[in-house]
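The values are calculated or read from the model by the stated rules, or taken from the named source; none is laboratory data. None of these values were measured; they are calculated from a predicted model. Methodologically, a virtual Cβ is constructed for each residue, glycine included, from the backbone with ideal geometry; neighbour enumeration extends over all protein chains shown.
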Amino acid sequence: MAGMGTLKLEITGVDELISALGKLKEEAIAEIQSGLVQGGDELLRLANKEVPIKEGTLLNSGSVDTARLTSANEVDVGYNTPYAARLHEHPEYKFKNGRKGRYLKDPVDRNGEVIAEYIAAKLKSKFQ
């Protein structure tokens, strides 16, 4: 195709766009992690209403562990006594005042989706 010229197109601002997208990603991750911690706190609050109480040792051992928050975007909610798992895994045990086994699983089953929706709503409101 003799006589055809070449088209030179210069796009500016690409580096700035990439930088802005990186910052947006960092903000989104921070928002997700904040929501995970808040969701973990809420799950612990709900579980504390069901965890068996004799002396309060089990209840007082409940925690939200954020050690894996930055590496895996996870929080661990649990109780740390030698008997925590045994009491949790035996819903047939009878406890007083509405306390029961499955004190973590049941609140997750009832509220996990709501907590996930809360985190999604936080992201949506932040970036809308």
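Quick look at the numbers
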item	result
Residue, modelled with the highest pLDDT, within the stretch 51-73, restricted to residues that are among the small types (G, A, S) and not in a loop (DSSP other than H, G, I, E, B)	S63
Index of the failed condition, K100 passing every other in (1) loosely packed, with under 13 Cβ neighbours inside 10 Å; (2) more than 17 Å from the chain's Cα centre (by Cα)	(1)
Members of the stretch 2-44 that are part of a loop (DSSP other than H, G, I, E, B) and either at negative phi or at pLDDT 90 or above (or both)	A2, M4, G5, T6, L7, K8, L9, E10, I11, T12
Restricting the stretch 62-85 to residues that are more than 29 Å from A30 (Cβ to Cβ) and under 25 Å from the mean Cα position of the chain (by Cα), the residue that is surrounded by the fewest Cβ atoms within 10 Å (Cβ to Cβ)	A85
When residues of the stretch 8-54 are limited to those that are among the charged types (D, E, K, R) and in contact with a Lys or Arg (Cβ under 6 Å, 6 or more places away or on another chain), the one nearest to H90 (Cα to Cα)	E50
